[in-house]
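The values are calculated or read from the model by the stated rules, or taken from the named source; none is laboratory data. As the structure is a prediction and not an experimental result, all values here were calculated from the model. Cβ sites come from the backbone with ideal geometry, for glycine too, and all protein chains shown count toward neighbours.
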Amino acid sequence: MTMPQPQHRSEPGAVSEYDRDWVAWATENAALLRAGKLDRIGAAHIAEELDDLGKSERRALGNHLRNLVMHLLEWEFQPERRTGVWRSSIDNARAEIAEILEDSPSLRPAAAERLDLRPRAREARRQG
């Protein structure tokens with residue numbers, strides 16, 4: 001199976017549309033995909049962008065989980081410092097996590113893995 005060639009062949013050293021105007025490149029490639037013109041798409045860049053989207057979603061999930069756990073611990077162990085801001089942050093983190101997992105259920109194992117502290121505890125014990 002041969003890979004489709006990028007839609008724009010340029011001379012060595014020339015700046016590609018992907019590098020010059022990402023939004024225009026993305027819009028054009030979306031239109032080409034919808035039209036079934038696979039021989040004209042920038043397949044390598046599309047694959048790279050799709051990989052990056054997955055990484056971005058995993059990072060966002062991890063950030064929201066980290067914030068949630070941090071504020072839940074603060075809420076539990078510093079009751080005298082509880083504020084509406086903390087409550088709001090906890091609620092927002094929960095909502096963001098739920099939205100990410102609703103949109104991308106395949107990230108559920110990543111969420112569980114992030115919350116599993118056993119490997120980190122073993123590593124901490126191993127390092128002394």
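Here are the numbers:
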read-out: Checklist (1) of a type outside the set (Val, Ile, Thr); (2) closer than 27 Å to Ala26 by Cα; (3) touching a residue at least 24 places away in the same chain (Cβ under 8 Å) applied to Pro105, failing item; value: (3)
read-out: Residue match in the range 84-103 (condition: within 30 Å of Asp19 (Cβ to Cβ), under 25 Å from the mean Cα position of the chain (by Cα) and either loosely packed, with under 11 Cβ neighbours inside 10 Å or hydroxyl-bearing (Ser, Thr, Tyr) (or both)); value: yes
read-out: Residue within the range 34-44 that is in a helix (DSSP H, G or I) and within 23 Å of the chain's Cα centre (by Cα) present; value: yes
read-out: Unmet criterion (only one of (1) under 19 Å from Ala93 (Cα atoms); (2) in contact (Cβ under 8 Å) with a residue 12 or more places away in the chain) for Glu49; value: (1)
read-out: So Arg9, is it assigned to a loop (DSSP other than H, G, I, E, B) and either modelled with pLDDT under 95 or within 30 Å of Arg114 (Cα to Cα) (or both); value: yes
read-out: Residue in the range 14-28 that is at pLDDT 80 or above, surrounded by 12 or more Cβ atoms within 10 Å (Cβ to Cβ) and closer than 30 Å to Leu101 by Cβ present; value: yes
